[in-house]
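First the structure, in the form of structure tokens, and then the observations on it.
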Amino acid sequence: MSKAVKDDQDRCRLYLITPPVFEREVFAEDLRAALDGGDVACLQLRLKDVEDDVVRRAAEALLPLAQERDVAFLINDRPDLAAEMGADGCHVGQEDTPYDEARKILGPDHIVGVTAHASRHLAMQAAEAGADYVAFGAFFHTDTKQAKGNADPEILEWWSELFEIPCVAIGGITVDNCPALVTAGADFLSVVAGVWNYPDGPGGAVRDFNAAIAQAIGERS
């Protein structure tokens, strides 16, 4: 999940986040379908306010499915569990484990991404500290989590023009509204409901997202 990945492919890529609640066996099938649908860069396991063993069991079920497809597997807010489970890294919010602590736990060879909301200052602060990516949002209305602020696509333009560290767009992203974020400079689109609740299923969502991304950047499938 580096800038080089995006440059090599000359395209924005999908960064999937798990639903906040799911049955492991059922969701494993949904994940397989999603990954069969087309290019996916990353899967973040995001389970809030659950016992550690729930996160462990979910990671045991999903991590192999992601890694066998060369999809980076991250765990939200828990660098300790990410290290324990053999994940590729973690994502931390502004109210979660501090970046420096997460990096100390995971070391230099793992991914640590940081939420910046709609703040240029927080994004630059994370980049200077060594974050592998910064996440901006929410760009659109989302029921998945309580957004801390609303972001404008202009922040993606600003970031992509000045910084090499990748930026992730998050918040209410759908097949229909994602082109504006792609053309603004998002390196990754972070999607939850837009994939798992898609009318044509997760595989259809990934297929259609990739088609929308390709069209937005002038690619021809």
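None of the figures in this text is laboratory data; all of them are computed from the coordinates on show. Remember, it's a predicted structure, so these values are computed and weren't measured experimentally. Neighbour counts are summed over all protein chains in view; Cβ atoms, including those assigned to glycine, are modelled from backbone coordinates with ideal geometry.
When the Cα centres of segment 53-131 and segment 171-190 are compared, how far apart do they sit, in Å?
Here the two parts' Cα centres lie 21 Å apart.
What FRET efficiency do you get for M124 and D52 if R0 is 35 Å and r is their Cβ-Cβ distance, rounded to the nearest 0.05?
Details: r = 33 Å, r/R0 = 0.94.
For R0 = 35 Å, the calculated efficiency reads 0.60.
Set the Förster distance to 35 Å, then compute FRET efficiency between E84 and A193 from the Cβ-Cβ distance, nearest 0.05.
For R0 = 35 Å, the calculated efficiency reads 0.75.
Quick one: I213, I105, fewest Cβ neighbours within 10 Å first, how do they rank?
Least crowded to most crowded, the residues run I105, I213.
What is the gain in length, in nm to one decimal, between D143 and A33 on full extension, counting 0.36 nm per residue of separation less the C-alpha to C-alpha distance? Could you put the intermediate results ahead of the total?
Working: separation 110, 0.36 × 110 = 39.60 nm, distance 2.33 nm.
Contour length minus Cα-Cα distance gives 37.3 nm.
Charges at C-beta only: +1 for Lys and Arg, -1 for Asp and Glu. How large is the resulting dipole of the chain about its Cα centre, in Debye rounded to 20?
220 debye
Taking only DSSP H segments of four or more residues, each worth -39500 (n - 2.57), what value at 222 nm results for the chain once the sum is divided by all its residues, to the nearest 500 deg cm²/dmol? Before the final figure, lay out each step's value.
Working: 10 runs with 96 residues, N = 221.
About -12500 deg cm²/dmol.
Long-range amide H contacts for I173: which residues qualify at under 5 Å (H placed 1.01 Å from N, peptide plane, sequence gap of 5 or more or a different chain)?
V192
Pulled fully out, how much extra length does the chain show between F163 and E25, if you take 0.36 nm times their separation in residues and subtract their Cα-Cα distance? Please report the intermediate quantities before stating the final value.
Working: separation 138, 0.36 × 138 = 49.68 nm, distance 4.01 nm.
This chain segment gains 45.7 nm when fully extended.
Can you pull the Kirkwood radius for the chain, inverse mean 1/r over Cα pairs, to one decimal in Å?
17.1 Å
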